[in-house]
Amino acid sequence: MAAVSLSVSTVKPLGDRIFIKVSEAEAKTAGGILLPDNAQEKPQVGEVTAVGPGKRSDDGTRQELDVKVGDKVLYSKYAGTEVKLAGEEYILLSEKDILAVVA
């Protein structure tokens with residue numbers, strides 16, 4: 001089996017899937033207490049790095065996605081598939097799992 005080299009630029013989501021770079025987890029509480037890695041909550045905010053072409057409707061046309069590359073988004077806590085590329089954490093999820101665009 002041949003080795004495959006993946007990078008963010010080589011990953012192209014299909015359909016209504018979106019590729020998101022996960023934001024760093026908070027290392028401190030609001031009171032200033034440092035949290036160990038295993039006590040940190042998984043972040044639910046990230047930046048869109050790639051989007052698919054959109055979902056096909058029943059008549060065969062493509063429906064454009066509401067997000068674009070560069071948007072910061074809030075997504076569901078247990079949604080998507082986690083992927084690690086070049087030491088960075090990413091998540092691949094469907095558009096329906098995005099809750100909001102963060103300004």
Theoretical FRET efficiency, 1/(1+(r/R0)^6), r = Cβ-Cβ of V67 and E24, R0 30 Å, to 0.05: 0.90
Quick check: pseudo-label points 7 Å beyond the Cα along Cα→Cβ at V83 and T10, how many nm apart are they? 1.2
If the chain between I33 and S76 were fully stretched, how many nm would it gain, using 0.36 nm times the residue separation less the Cα-Cα distance? 12.9 nm
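Cβ under 14 Å from G52's Cβ, G52 left aside: what net charge do those residues give with Lys, Arg +1 and Asp, Glu -1?
Net charge around G52: +2.
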Net charge (Lys, Arg +1; Asp, Glu -1) of residues whose beta-carbon lies under 13 Å from that of D71, D71 excluded, is 0
Point-to-point label distance, K55-A103, nm (Cα→Cβ direction, 7 Å offset): 2.7
Using a Förster distance of 22 angstrom, determine the FRET efficiency expected from the C-beta separation of K96 and V45, and round it to 0.05. 0.80
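Bear in mind that the values in this text are calculations on the coordinates, not laboratory data. What you see is a predicted model, and the numbers here were worked out from it, not measured in a lab. Here the Cβ is made from the backbone with ideal geometry for all residues, glycine too, and neighbour counts use every protein chain on show.
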